[in-house]
Amino acid sequence: MDEFASRAYPVKENMRFQRRSWMVERAGWIVLALIALAGLTGVFGTGPLSWQQVTAGPLTVHYDRFQRSSRLTDFRFVVARVPGAELTLRLDGAFARDFNISSIAPPPVRSSTGPDGLALTFAVTPGQTSTVDIWAHSFRYGLTTVTAAAGRAAPVSFHVFVYP
């Protein structure tokens, strides 16, 4: 007797439908495994696929490109060879509008806001590399494009996707 043939006794079976059901079930297991693998690698939050850095001129930004709205995230700004005794970090209006800053280390000497965004001024050692950490979480979901600049140097733009 063929195990994959449809029969009516003792129970009516439709093996063609059963084989289709098994294929759909296997496809579902594969999709679930891919979702779990994506989560482990950082697509839904912190992980190797989420860690990103962009550089323009002396400014390098380290950040998570995939973030959760309920989680604080570190934006690390590294400026190589600061020429003067002060460093001004400018963040565009998108950052000021879409992110709530919880803390800044080191604290800025001066700060100002305007229609163009935030300007944070820090005391630094001339000729040394300076690092500024800004801890923030997002006000909104979706894709945000942020532009940052150190002093008069060329700005760097980066994209952040925020999950609910």
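The values are calculated or read from the model by the stated rules, or taken from the named source; none is laboratory data. It should be emphasised that the depicted structure is a prediction, and the values quoted were computed from it without experimental measurement. Cβ sites come from the backbone with ideal geometry, for glycine too, and all protein chains shown count toward neighbours.
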Report task. Answer yes or no as to whether Leu87 is buried (at least 19 other Cβ atoms within 10 Å of the Cβ), within 24 Å of the chain's Cα centre (by Cα) and assigned by TED's automatic domain parsing to the domain that holds Arg65. Result -> no
Query raised in the report: Quick check: anything in region 14-26 in contact (Cβ under 8 Å) with a residue 24 or more places away in the chain and either outside any loop (DSSP other than H, G, I, E, B) or within 30 Å of Tyr141 (Cα to Cα) (or both)?
Result: no
Query - Members of region 55-78 found to be modelled with pLDDT of 90 or more and either touching a Pro at 6+ places or on another chain (Cβ under 7 Å) or outside the structural domain of Asp133 (by TED's automatic domain parsing) (or both), listed by number - result: Ala56
Report summary line: Subset of region 29-69, residues surrounded by fewer than 10 Cβ atoms within 10 Å (Cβ to Cβ) and under 22 Å from Gly142 (Cβ atoms), comes to none
Query - Hey, Phe95 modelled with pLDDT of 95 or more, within 19 Å of Ala150 (Cα to Cα), surrounded by 15 or more Cβ atoms within 10 Å (Cβ to Cβ) and not small (Gly, Ala, Ser) or not - result: no
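Determine which member of the set Thr121, Thr131 is in contact with an Asp or Glu (Cβ under 6 Å, 6 or more places away or on another chain), over 17 Å from Trp51 (Cα atoms), β-branched (Val, Ile, Thr) and surrounded by fewer than 17 Cβ atoms within 10 Å (Cβ to Cβ). Walk me through how you get there before you give the answer.
Details: Thr131 fails: in contact with an Asp or Glu (Cβ under 6 Å, 6 or more places away or on another chain).
Matching residue, one of Thr121, Thr131: Thr121.
Given the options Phe122, Phe95, Phe99, name the one that is among the hydrophobic types (A, V, I, L, M, F, W, C) and under 15 Å from Val78 (Cβ atoms). Working first, answer last.
Details: Phe95 fails: under 15 Å from Val78 (Cβ atoms); Phe99 fails: under 15 Å from Val78 (Cβ atoms).
Exactly one of Phe122, Phe95, Phe99 is among the hydrophobic types (A, V, I, L, M, F, W, C) and under 15 Å from Val78 (Cβ atoms), namely Phe122.
Being charged (D, E, K, R), outside the structural domain of Tyr141 (by TED's automatic domain parsing) and exposed (fewer than 12 other Cβ atoms within 10 Å of the Cβ) narrows it down to one of Arg81, Arg26, so name that one.
On the way: Arg81 fails: outside the structural domain of Tyr141 (by TED's automatic domain parsing).
One residue alone meets the criteria, Arg26.
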Query raised in the report: In region 104-118, which residue that is in contact with an Asp or Glu (Cβ under 8 Å, 6 or more places away or on another chain) and among the small types (Gly, Ala, Ser) is farthest from Pro155 (Cα to Cα)?
Result: Ala105
